[in-house]
Every structure is written in structure tokens, then in C-alpha cells.
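Student: For reference, the structure I am asking about is given below.
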Amino acid sequence: MKKLLVASLLVTSALAHANDIQLSRGIKSDLRDKIERDMNILDNFKFSSNTEARTLAIMGVSTLNAQTAGDWLNTRVNYVIEENALSTLKLLLKKTIQVEREGVSFPNAGILPYSLDPQNNASTLFDAKNNEDGVVVMSNIGSGLYMAGKNDGKVYALKVSRGLLKKATKVVVESPRAGIIQIGEGLFMKEITVNNDNPNSIANSINRLGTFFHEAKHSDGNGSSLGFAHSKCPTGHDLAGAYACDENENGPYSIGAAMTKEMLKSCDDTCTPREKEILKVIILDSESRVMHTTRRGSPATDWDSTPEKL
């Protein structure tokens, strides 16, 4: 079985709801319905009152409930686009990505994201599309386009489909918080679905929502913490050599694991024993990707989450 890798790199009002996120009309209708259902579940989720203090700390909230969880996600995710949104055909014919401005001076010029630092022997961000043992689950395209623009001295814009005969939404990427998430082939595949016998299982939604929170974290950071880019997993790790680990304590894998764990607490009456065990394994997998000691030999710390912007 293929290893499932959450591939990544490498905003709205206080009353916003998770279902305010704009879903591209290019997403197949059945998949769009599932995503909308997941967002509605989050909007109405009854979180347990005994939230772990560490979860509150890395999320930057004083209390965790449907409102604060939805607000946190909406601050970092604004659009969800289809798997083939960046296909050669769409790039050439529909000009999905455009150059909005050139010759732009970006903040923190010359400061590379930590995992791209030459001292770490890293030359590119991990992308499961280029790994024969992995499949893409989701990707934070907004953060990736901001990084590309910073490297090129250009501000890029991406078109998000609003449907036939409707003018596409043009998203100008001036920050990693542009919040453009692309779904991958792995998000709904059987191997990553907790319960294939019951597609509408709450456990399936919890699993996918954990992935959304993971990807949303890539919208944070500045300078060396920009995008909270993944690093190579160390020797001895199951994914050694793949850019599928974090060298910080408050990154995407920590966030995804923490939020999945918090949602699992409230799933006693609606999740089966088997579903709970599978979710626990998923949590452990994410936690195993957090390197508490960096490859430089120093203790991992919390990175600065302040988003870089023009």
C-alpha cells in the first residue's frame, strides 16, 4: 500500500464560519459536497471542555470551541481548489496563474525558510507528487506561490473558478495567508478513509478536518519560519529522507495531531471503537513526524507564527 503523505510546501472576520471558505467550482460536485459537509460539521462541533493546555498554546486561543476553531481555520484558509487546477492545460489556456506585479521588494529578503537553509542540505520542499511511494492529500498552494514570488521578485495571482459563465475570483498572493488549499488524490481515497462502509461517518470528517488544520498552518510564519516548511525526516525514521517531518514544536503535524485528538475526545457517542483506534493511529503518525531535536542537534522550539506580508 502506498504511504500516505500530507504534501505541503515544501481570512476573514471574527464571525466567520468554516463554510465561508470558497470552494472552486472546478472541484467535482460529489467531492465539493463532502468538503462542505466537513465544514458544516466543524461549525457545529461540540468540543470537550478539557482542552489540553498545549493545544490552546499552539493554536493561540484561550478556549477551543466551534467558533474559535472555525475562526482559526478561516484566518488561514480562504479558497479550496481542485486537484487539476494547475494542469498544463489550465495554466496555458485559462492562465490560472498570472504575474500581478514585477520588481517587488519582499520582507526578510535573503532569509530562507529553515528547511531550505543550505546548512540543512535541503534544495527543495517535499512534494509527494515526486515520490513514487506517496500520494498528495492536500497542498497549501497559496504559501507556495508567495514563496515563489518572493524568490522571483514578483507578486503572483491565481484564478479560482466560480462556475460556468462566471468570472473567476482573482486571488493576489501578497502573503502566505492568501489561504489557497489544493486537494489531492489522497484526500478521498479508500486508504485514507477511516470508514469506507459509512462514507458519512463523523470519523471520516474528523480525519479530513485534521488535514485541513495541518495545511492551514502552512499559511503562517515569516523569514526562516515562512510557511512552516517541512524538513527531511532523519535517518531511522520510517520516512527518512522525505520532506515529511517538522523541526519545530508548533508546526503543521503538531496542529493536525492536536486538533484530531481534540475532536476525537467528543466522538464517544458517534465514533465506533474501530474508528477511534484508527484515528489514534493517525494521531500517532503525525506526532511521530515532529522532531523534538533538530538535525543541528538543538532542541526544537516553537517557531514565530506571525505571517509575512507585503
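Student: Looking at the range 60-98, which of its residues are modelled with pLDDT under 95 and small (Gly, Ala, Ser)?
Tutor: Answer for the range 60-98, where residues must be modelled with pLDDT under 95 and small (Gly, Ala, Ser): Ala85, Ser87.
Student: Does Lys265 satisfy the condition of being within 14 Å of Ile206 (Cβ to Cβ) and of a type in the set (Lys, Arg)?
Tutor: Considered against the rule, which asks whether it is within 14 Å of Ile206 (Cβ to Cβ) and of a type in the set (Lys, Arg), Lys265 comes out as yes.
Student: Find the residue count for the range 22-62, including only residues that are of a type outside the set (D, E, K, R) and in a helix (DSSP H, G or I).
Tutor: Residues in the range 22-62 being of a type outside the set (D, E, K, R) and in a helix (DSSP H, G or I): 13 in total.
Student: Do you know which residues across the range 46-76 are under 23 Å from Gly26 (Cα atoms) and touching a Phe, Trp or Tyr at 6+ places or on another chain (Cβ under 7 Å)?
Tutor: Leu73
Student: If Ala203 meets every condition in (1) under 15 Å from Gly26 (Cβ atoms); (2) among the hydrophobic types (A, V, I, L, M, F, W, C); (3) in contact with a Ser or Thr (Cβ under 8 Å, 6 or more places away or on another chain) apart from one, which number is that one?
Tutor: (1)
Student: Further question on the same structure: Where in the range 137-222 are there strands (runs of 3 or more DSSP E), lying fully within it, with 2 or more residues that are charged (D, E, K, R)?
Tutor: Hits in the range 137-222: 154-160.
Student: Can you name every residue in the range 270-304 that is exposed (fewer than 14 other Cβ atoms within 10 Å of the Cβ), assigned to a loop (DSSP other than H, G, I, E, B) and under 23 Å from the mean Cα position of the chain (by Cα)?
Tutor: Those that are exposed (fewer than 14 other Cβ atoms within 10 Å of the Cβ), assigned to a loop (DSSP other than H, G, I, E, B) and under 23 Å from the mean Cα position of the chain (by Cα): His292, Thr301, Asp302.
Student: Here's a follow-up. Of the residues that sit in the range 100-118 and are assigned to a strand (DSSP E or B) and either surrounded by 13 or more Cβ atoms within 10 Å (Cβ to Cβ) or small (Gly, Ala, Ser) (or both), which one is farthest from the chain's Cα centre (by Cα)?
Tutor: Within the range 100-118, the match that is farthest from the chain's Cα centre (by Cα) is Arg101.
The values are calculated or read from the model by the stated rules, or taken from the named source; none is laboratory data. This structure is a prediction, so every number in the text was calculated from the model and none was measured. Heads up, the Cβs are rebuilt from the backbone with ideal geometry, glycines too, and the neighbour counts pull from every protein chain shown.
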